[in-house]
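We did not get these values from a lab; they are worked out from the coordinates using the rules stated. Predicted model, so just to flag it, every value in this text is computed and none were measured. Cβ: placed from backbone, ideal geometry, glycine included. Neighbour counts: every protein chain shown.
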Amino acid sequence: MAMTVDLPALEQTAAPRAASARWSRFARPVLGLVVPVVLALGWELAVALGYSNGRLVPPPSKVFETIVALAGSGELSRHILATLWRVGAGFALGVVAGTIMGAISGYWNFARRLLDPTVQALRAIPSIAWVPLFILWLGIFETSKVALIAVGVFFPVYLGVMGAILSVDRKVVEVGRVFRLSGFAMIRRILLPAVLPAYVVSLRVGLGLGWMFVVAAEFMGASEGLGYLLIDGQQLGKPAQILAAIVIFAILGKLTDWLIEIAAAPLLRWQDAFSTRGAT
Amino acid sequence: MLALKEVGKTYPNGVHALERFSAEIAPGEIIAIIGGSGCGKSTLLRAIAGLDRATTGSVTLDNAVITSPHAKIGIIFQEPRLLPWLSVADNIGFGLADLPADVRRERVASALARVALADKASAWPRELSGGQAQRVAIARALVPQPEVLLLDEPFSALDAFTRRDLQDHLLDLWADTRPTLILVTHDVDEAVVLADRVLVMRPRPGRLFEQITINLARPRDRKSELFDTFKRRVLTALDRSLDRSVRDVTDKSSAGEAMWW
């Protein structure tokens, strides 16, 4: 008797809860857009209604116009390609060096005692401080820029790989020992898969730093690239061009980060991570 | 024949974990090692597995001295220790990498069926319950067909129902190829249900205190009076093993002595 009375009551509370769950899944990302969209529309309106001339802080429509104009003249793709090439080359070099050094330091205690103090000391130097030296050593052109980006990418990857290897669970390694894996098989079948999640994170951090350092690199005398657009916009008083370059940086940064995420996703499906709960 | 000859272990930090442990274990025999904490049970098991080397004495299997993990010796740990990046089927086949793919697939499939997890073949370890995960670990250890299987408190993390289930299941699987089983446990019930012989150890330093032969026919009825008698016998031995005033009886006890009534 009590059951038949209780059940409809339970259903009543459950239905709105399911609806609110659906609503929040859809609404949460939208909610995050409310503030920027309101600010942008507000600024657009303020300029349109004449409360501001919008010269130093151009309205969104002006920034959009600038992007379209740059794209139309072919200028934009030239700058984007120049920047992408620098980030790509610097990232590749930094990742290769960071991975090799990190793996050596993580795997061999002797190598870690020998190398790690030096690497950590170098890490303590703000990487921008290398700029004058890199220009003296490598010239003002591409090489010094790529080198600076590579230095920025190197440290998070090095630390990520070394830390990941050092923190591989002894119990999992013991499983490898029980099945008498050789050194190489132990690396391939136990260590590599175990360090992969942390490695992907370090790649993403490294890429983020790569985008940060490309701006610094392009500030030190470039004739093309998104960083050049920033400097050019400042020197010629074109705030819309600066904002356009910033927007494109944001889009490219997010896009390349997303590419790493997508590429790594099939390899990390096994993870018992917070985000996979409920999805399975 | 697995022979332990005066096996002793002192860790580098000076802890004297195990002292002159000797036993001979026949092929197909099921041994339970029981004792208070710190009595060197796990140390002994790791020495037999070849994971840690004994500092004195020797472990030999069919006259081969064991100093490192051996193809004929498998081990199941307290936690399943499945590799989280491999599916259930790949975890079970982990030790069969040297076999041709089709043979491996066949062996894994029959092992999956044997532990009643055929429907979980492509699942990730994180999707299994504790009992299922431990069943996968048992299958992984058994599939290379070891002659000796070591179990380090394999069911202690499971609830009472699952534990009882897996104990019966383990005996079932054991009957297929009859490997030697050496089981470290805290659980007197488990020792009496599974073992042909219970070795009671005493702590600080760990050494053999008493051997009790459980000559009960299988399957054993946990509720029978005879079962209780054996349990009481093991419990009494355990109590005595922790009483410092009782002298070691290691040298006098033999397998036949358990027929005391």
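Observations on the model:
- Relative packing of peptides A:109-117, B:231-239, A:200-208, B:132-140 - highest average C-beta neighbours within 10 Å first: B:132-140, A:200-208, B:231-239, A:109-117
- Ranked for footprinting exposure by Cβ neighbours inside 10 Å, fewest first, B:His169, B:His186 give B:His186, B:His169.
- Extension gain, A:Val247 back to A:Gln271 (0.36 nm per residue minus Cα-Cα distance, nm): 5.3 nm
- Mean-position separation - Cα centroids, the stretch A:224-253 and the stretch A:21-100, in angstrom: 10 Å
- Here the protein assembly as shown is described by how far its Cα atoms reach on the three principal axes: 106, 77, 52 Å, from widest to narrowest.
- By the helix-only formula, in which each DSSP H run with n ≥ 4 contributes -39500 (n - 2.57) and the sum is divided by residues, the protein assembly as shown has a 222 nm mean residue ellipticity of -18500 deg cm²/dmol.
- Dipole check for the stretch B:51-105: with +1 at the C-beta of Lys and Arg, -1 at the C-beta of Asp and Glu, and the Cα centre as origin, the magnitude is about 20 Debye.
- Relative contact order of the stretch B:52-156: 42 percent, from C-alpha pairs under 8 Å at least 6 residues apart in sequence.
- Farthest toward positive dipole pole in chain B [+1 Lys/Arg, -1 Asp/Glu at C-beta], among B:Ser22, B:Ala118, B:His169: B:Ser22
- Per the Debye formula on identical point scatterers at the alpha carbon atoms of the stretch B:76-195, with no solvent, log10 I(q)/I(0) at q = 0.14, 0.19, 0.22 Å⁻¹ is -0.54, -1.01, -1.34.
- In chain B, the alpha-carbon atoms span a convex hull of 133 Å³ per residue.
- In sequence order, calculated HN-Hα J values of the stretch A:71-81 (Karplus, 6.51, -1.76, 1.60; Hz; x Gly/Pro): 5, x, 7, x, 4, 4, 5, 4, 5, 4, 4
- Taking 26 Å as the limit for the C-alpha separation, the pairs A:Lys171/A:Lys254; B:Lys41/B:Lys72; B:Lys72/B:Lys231; A:Lys171/B:Lys41; A:Lys62/A:Lys254; B:Lys9/B:Lys72 exceed it in the case of A:Lys171/A:Lys254; B:Lys72/B:Lys231.
- Relative contact order (%) - the stretch A:70-267, alpha-carbon pairs under 8 angstrom, separation at least six: 27 percent
- Extent along principal axes [Cα atoms of chain A; Å; largest to smallest]: 79, 71, 31
- Considering only A:Gly32, A:Gly253, A:Gly139, the Gaussian network model of chain A with Cα springs below 10 Å gives its largest mean-square fluctuation to A:Gly32.
- Once C-alpha pairs closer than 8 Å and six or more residues apart are averaged by separation and normalised to the residue number of the stretch B:21-96, the relative contact order reads 18 percent.
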